[in-house]
1. How many residues does the stretch 109-136 contain that are touching a Ser or Thr at 6+ places or on another chain (Cβ under 6 Å) and open to solvent by less than 10 Å² (accessible area, probe 1.4 Å)?
2. Tell me, which residue of the stretch 1-27 that is farther than 17 Å from Leu115 by Cα and among the aliphatic types (A, V, I, L, M) is surrounded by the most Cβ atoms within 10 Å (Cβ to Cβ)?
3. Can you work out which of the residues in the stretch 153-170 that are at pLDDT 95 or above and farther than 20 Å from Trp27 by Cα is surrounded by the fewest Cβ atoms within 10 Å (Cβ to Cβ)?
4. Spot the failing condition for Ser61; the list is (1) under 27 Å from Ala229 (Cα atoms); (2) crowded, with 17+ Cβ neighbours inside 10 Å; (3) of a type in the set (Ser, Thr, Tyr), and only one is missed.
5. Which numbered condition in (1) part of a loop (DSSP other than H, G, I, E, B); (2) β-branched (Val, Ile, Thr); (3) open to solvent by less than 70 Å² (accessible area, probe 1.4 Å) is the only one that Val54 fails?
6. When you check Glu30 against the structure, is it of a type in the set (D, E, K, R) and touching a strand residue (DSSP E or B) at 6+ places or on another chain (Cβ under 6 Å), yes or no?
7. Just give me the residues in the stretch 137-152 being open to solvent by less than 50 Å² (accessible area, probe 1.4 Å) and not in a loop (DSSP other than H, G, I, E, B), in sequence order.
8. Pull up the stretch 171-200, narrow it to residues that are hydrophobic (A, V, I, L, M, F, W, C) and in a loop (DSSP other than H, G, I, E, B), then point me to the one that is surrounded by the most Cβ atoms within 10 Å (Cβ to Cβ).
Amino acid sequence: MAKILMVLTGADSWTLKDGTKHPTGFWAEEAVVPYQVLKAAGHEVTVATPGGVVPTADAGSLSAQVNGGEDGARQMSDAVAAMTELRSPLTLADVSVDDYDAVFYPGGHGPMEDLAEDADSGRVLSTALASGKPLAVVCHGPAALLAAHTADGTSAFAGYRVAAFTNEEEVQGGLADKAKWLLEDRLLADGVVVDKAAPWTPHVVVDRNLITGQNPMSSAPLAAELLKALG
């Protein structure tokens, strides 16, 4: 049995460039699917958030529209409710990567609000990357990579191939023109190599111990790669 640290956003809104707050949180599918895969394989999952706040699932990710109808929406809501670890997360500042066998970051727009600037999260990511342990990040989760720096201030992920939510997907999702910044742009500016597939198609990239997925559809194949890396 492996111990997996799942780091979730503590934000329940995303500040847009006009100063308004867009309700958000973590994207349910991106947490639920890998969680279920890991638990089914007998692994232990521990949740941590900035400040130890109970994370919020983005209401949009619980809707019938993105879950194939009302039955799918109920199943997703039930699956989130069944993740008992969400109710009492650890405080990210208190977490040591040494205590875990792998680290996983789901997405949602929440990470763009808090994890993109969170020094404790940056430390966890940098340490996990340097440790050689599997580090899996999906969709908007790579926003957290922006807070991970080396001693000279450069990105800890510079030169790594990463799949992440693309500008094109953000445009099609309807929020690109309202955002303060776009994830793909910021990753490229940090020297990260963004590896893209067609919008809304499953796409997972493995570069050394880093496993990344482009969008919610990439959650299941990302979880499969993480299981493979855990041996």
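The values are calculated or read from the model by the stated rules, or taken from the named source; none is laboratory data. Treat the numbers as computed from the prediction; the structure is a model and nothing was measured. Cβ atoms come from the backbone with ideal geometry, glycine included; neighbour counts cover every protein chain shown. Remember, those area values only see protein heavy atoms, side chains included, never the ligands or the DNA or RNA. Shrake-Rupley method; radii C 1.70, N 1.55, O 1.52, S 1.80 Å.
1. 3
2. Step one: filter the stretch 1-27 for residues farther than 17 Å from Leu115 by Cα, giving 1-4, 17-20.
Applying the additional criterion that residues be among the aliphatic types (A, V, I, L, M) yields 1-2, 4.
Numbers: Met1: 9, Ala2: 19, Ile4: 24.
Top of the filtered list is Ile4.
3. Filtering the stretch 153-170 for residues that are at pLDDT 95 or above and farther than 20 Å from Trp27 by Cα, the one surrounded by the fewest Cβ atoms within 10 Å (Cβ to Cβ) comes out as Gly159.
4. The one condition Ser61 does not meet is (1).
5. Result: Val54 fails condition (3) only.
6. Working: of a type in the set (D, E, K, R): yes; touching a strand residue (DSSP E or B) at 6+ places or on another chain (Cβ under 6 Å): yes.
Yes; evaluated as a whole, the condition is true for this residue.
7. Val137, Val138, Gly141, Pro142, Ala143, Ala144, Leu145, Leu146, Ala147
8. For the stretch 171-200, the residue satisfying everything is Val192.
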